[in-house]
1. Checking ARG156 against (1) surrounded by fewer than 18 Cβ atoms within 10 Å (Cβ to Cβ); (2) farther than 17 Å from SER267 by Cβ; (3) out of contact with any helix residue (DSSP H, G or I) (no Cβ under 9 Å at 6 or more places or on another chain); (4) not hydroxyl-bearing (Ser, Thr, Tyr), which test does it fail?
2. Quick check on ALA70: is it modelled with pLDDT of 95 or more, more than 27 Å from GLU142 (Cβ to Cβ) and in a loop (DSSP other than H, G, I, E, B)?
3. Test of understanding: among ALA169, ALA130, ALA107, which residue is closer than 16 Å to VAL268 by Cβ, within 20 Å of the chain's Cα centre (by Cα) and among the hydrophobic types (A, V, I, L, M, F, W, C)?
4. Where residues in the range 69-81 are under 19 Å from the mean Cα position of the chain (by Cα) and of a type in the set (Gly, Ala, Ser), which of them is farthest from LYS219 (Cα to Cα)?
5. For the range 224-239, give me each residue that is small (Gly, Ala, Ser) and surrounded by 16 or more Cβ atoms within 10 Å (Cβ to Cβ).
6. Does GLU242 meet the test of being touching a residue at least 40 places away in the same chain (Cβ under 8 Å), surrounded by 16 or more Cβ atoms within 10 Å (Cβ to Cβ) and acidic (Asp, Glu)?
7. Of the numbered conditions (1) buried (at least 22 other Cβ atoms within 10 Å of the Cβ); (2) out of contact with any helix residue (DSSP H, G or I) (no Cβ under 7 Å at 6 or more places or on another chain), GLU30 satisfies every one except a single condition; which is it?
Amino acid sequence: MALEGSKIVVTGVTGQVAEPVAKLLARDNEVYGAARFNDEESRERLEAAGVKCVKIDLAAGDVAGLPADADYVVNFAVAKSGDWDADLDGNAGGVLWLMDHHRSARAFLHCSSTAVYQPAGHKLLKETDALGDNHRVWSFLETYSICKVAAEGAARWGAARYKLPTTIARLSVPYGENGGWPAIHLEMMISGVPVQVHSDAPSVYHPIHETDIVASLPKLFRAASTPATVVNWGGSEAVSIEEWCTYLGELTGLQPEFEQTDATISSVALDLTRMHEILGTTDVHWKDGMRRMVEKFHPELLKG
């Protein structure tokens, strides 16, 4: 299943993950990038890459400008203002507005997050494990986990109501040449700011490079079903914050400083059995991806 010559809608297109996805898809497809577009520079970058930009407001249900006859929809949009009413409307309500408008699509991919899981120490989390609120410890993301759970519920309902083949993919730590959590850690290391890690060390995740995210899309669309397919989505290698910051230090000569605390999110280590059945293993080794990230943002620091 190749994504070529298709009409694809990508929402949240000005975000860290969706922008490079839309640009790469636009090489071989007719791509409509949807967002609020408060930043004109983002629109210009996307349009220069061949993405057709459409201003929408998911919380208000303003999606009329999007092509109702799209073949595929990729929902990367997320509202995280900290206002519960606005974030529930933008996330859960937004999914349903999209699914209603695109009820004839061949497949709908909703990007969820591993933030939906109830913290469970170092247990490998399966798609059937308990959901909860693992981001409440971060006051600036107080609504994030709950709204992601609510959005999954909306996507499940929409898949059944509209008989719209749907995949709900729980994304781990995306990163690449457009940034991500490891890139933030790199900037902290440059500034001499300690990197917080959970006291229940190590803090393990599954960083996935933007190249692998794009490569996953055809198979995630193929896996779409009613009821919705739910799958973990991350890099095949489990890597801790401590490990990737140490490696960034090896690449740059910087020395990471870690601060152990309970006031940060704990490990979200994943059981990737279902993902590997659907997608196979990811291609970009995390060390190669981190090197490419440093080359993009701070080539002057790269040793050798």
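1. Going through the list (1) surrounded by fewer than 18 Cβ atoms within 10 Å (Cβ to Cβ); (2) farther than 17 Å from SER267 by Cβ; (3) out of contact with any helix residue (DSSP H, G or I) (no Cβ under 9 Å at 6 or more places or on another chain); (4) not hydroxyl-bearing (Ser, Thr, Tyr), ARG156 breaks only (1).
2. Values: modelled with pLDDT of 95 or more: yes; more than 27 Å from GLU142 (Cβ to Cβ): yes; in a loop (DSSP other than H, G, I, E, B): yes.
In short, yes.
3. From the options ALA169, ALA130, ALA107, the qualifying one is ALA169.
4. Within the range 69-81, the first condition is being under 19 Å from the mean Cα position of the chain (by Cα), and the residues that meet it are 72-81.
Cutting the leftovers down to of a type in the set (Gly, Ala, Ser) gives us 77, 79, 81.
Values: ALA77: 21, ALA79: 27, SER81: 32 Å.
Only one residue tops the list, namely SER81.
5. Within the range 224-239, ALA224, ALA228, GLY234, GLY235, SER236, ALA238 qualify.
6. Working: touching a residue at least 40 places away in the same chain (Cβ under 8 Å): yes; surrounded by 16 or more Cβ atoms within 10 Å (Cβ to Cβ): yes; acidic (Asp, Glu): yes.
So GLU242 passes the test.
7. So GLU30 meets the others, but not (1).
Residue-by-condition table, conditions (1) touching an Asp or Glu at 6+ places or on another chain (Cβ under 7 Å); (2) among the acidic types (Asp, Glu); (3) in a helix (DSSP H, G or I):
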site: THR128; (1), (2), (3): no, no, no
site: ASP133; (1), (2), (3): no, yes, no
site: PHE140; (1), (2), (3): no, no, yes
site: CYS147; (1), (2), (3): yes, no, yes
site: ARG156; (1), (2), (3): no, no, yes
site: ALA159; (1), (2), (3): no, no, yes
site: TYR175; (1), (2), (3): no, no, no
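The values are calculated or read from the model by the stated rules, or taken from the named source; none is laboratory data. What you are looking at is a predicted structure, and each value in this text was computed from that prediction instead of being measured. Methodologically, a virtual Cβ is constructed for each residue, glycine included, from the backbone with ideal geometry; neighbour enumeration extends over all protein chains shown.
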